[in-house]
Amino acid sequence: MEINFHGKRALVTGASQGIGRELVKKLVLCGAKVIAVARNQQLLESLQKEVPSIEIIAADLSNWKNTEEVLSKIGNVDLLVNNAGLAILGPLTEVTEEDVDKVFAINIKSMINVTKQVIKNLLARKAPGSIVNISSQASVAGLANHSVYCASKGAVDAFTRSIALDYGRHGIRVNNVNPTVIMTDMGRLGWSDPKVAAPMLDRIPLGRFGEVDEVVNSVIFLLSDMSSMTTGSNVYVDGGYIAV
């Protein structure tokens with residue numbers, strides 16, 4: 001069955017690179033009108049050169065009021081992917097207040113704000129919608145030196161369950177995709193050293209890290225009517241990591 005988003009408008013945050021960038025391309029291939037949001041104007045412009053039909057918005061989503069102003073001008077949104085994310089890693093004994101504020105501002109606070117604006121729009125139109133939040137295996141499994149990141153992704157999962165409950169009766173579905181390490185450009189830089197990768201790979205039954213399209217495909221499924229009875233759920237793209 002072919003997934004078709006014709007007539008739908010999709011908003012993707014963190015859209016300038018990695019998973020978000022490929023997701024924008026896939027949504028357009030499926031017929032959606034896409035609004036790509038990220039901080040980096042140059043990367044957004046390069047994406048628009050690849051996919052001229054998209055709208056691009058450079059915005060700092062950690063700024064609550066500015067985000068409200070930006071989203072108030074974009075019109076209707078039917079599909080939302082909260083992909084923007086930040087990781088600051090290190091032992092808890094070296095964590096600063098600024099680290100915590102930065103990670104939570106992007107990973108959960110901005111997600112709450114963006115989702116709020118989209119749901120208000122859907123309710124005003126009495127329209128159904130589908131929202132996918134990019135969480136992580138770190139939401140349910142402890143990872144070394146990831147304390148703040150794990151805490152932020154645990155909050156993402158809790159937020160998803162809560163709003164799935166609140167808005168399911170309005171035809172609004174909300175789900176998570178929870179990846180393991182994914183081989184984006186950043187992922188390859190961080191996990192290319194076999195000594196670094198080996199302990200993580202030893203915990204993954206499939207014996208490898210994930211590829212970007214494996215996350216994108218799961219997101220597209222959850223956005224689509226093919227998952228019409230799925231809400232408040234986590235889809236783990238982790239090679240079985242949490243099963244160990």
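Derivation of every value follows stated rules applied to the coordinates shown; laboratory data play no part. The shown structure was predicted, so the numbers you read here are calculated from the model rather than taken from an experiment. Note: ideal-geometry Cβ built from the backbone for every residue, glycine included; neighbour counts use all protein chains shown.
The local environment of Asp101, defined by Cβ-Cβ distances under 14 Å, has a net charge of -2 under the rule Lys, Arg +1 and Asp, Glu -1. Most tightly packed first, judged by the mean number of other beta-carbon atoms within 10 Å of their residues, the peptides 65-71, 49-55 read 65-71, 49-55.
Between Lys73 and Asp193, the modelled labels are 4.4 nm apart [label points 7 Å from Cα along Cα→Cβ]. According to the calculation over all Cα-Cα pairs in the range 9-237, the P(r) per 10 Å bin from zero is 8, 33, 39, 17, 3, 0 %. Residues whose amide H comes within less than 5 Å of that of Phe5, counting only those at least five positions distant or on another chain, are Gly31, Ala32 (H built at 1.01 Å from N in the peptide plane). With a cut-off of 19 Å on the backbone N, the residues of the range 216-232 near the modelled label site 7 Å out from Ser53 along Cα-Cβ are 217, 220-221, 223-225. Can you give the log10 of the normalised intensity I(q)/I(0) at q = 0.18 Å⁻¹, computed with Debye over equal Cα scatterers of the range 95-154? Taken in order of the listed q values, log10 I(q)/I(0) reads -0.70.
Ranking of Ile74, Ile220 by neighbouring Cβ atoms within 10 Å, starting from the fewest: Ile74, Ile220.
For the chain, the relative contact order works out to 19 percent when only alpha carbon pairs closer than 8 Å and six or more residues apart are counted. Each of Val237, Val174 has some number of other Cβ atoms within 10 Å of its Cβ, and from fewest to most they run Val237, Val174. In straight-distance terms, cross-link reach from Lys26 covers every one of the aspartates and glutamates whose alpha-carbon lies under 19 Å from its own, apart from those fewer than eight places away in the same chain; here that gives Glu2, Glu45, Glu50, Glu55, Asp78, Asp185, Glu211, Asp213, Glu214, Asp225. For the chain, the membrane-span-like helix rule (DSSP H, alpha carbon extent of at least 15 Å along the helix axis, mean Kyte-Doolittle at least -0.5) picks out 18-29, 110-125, 147-167, 212-223; this says nothing about an actual membrane. Just so you know, the averaged projected area of the alpha carbon convex hull for the range 26-111 sits at 6.9 nm².
With the cut-off at under 19 Å, measuring from each backbone N in the range 111-144 to a point 7 Å along the Cα-to-Cβ line of His170 picks out 111-133. Cβ-to-Cβ counts within 10 Å put Arg208, Arg9, Arg169 in ascending order as Arg169, Arg208, Arg9, the fewest first. With 0.36 nm allotted per residue and the present C-alpha distance subtracted, the Asp213-Ala144 stretch has 22.2 nm of extension available. Take 117-124, 40-47 and order them by the average number of nearby Cβ atoms within 10 Å per residue, most first; the result is 117-124, 40-47.
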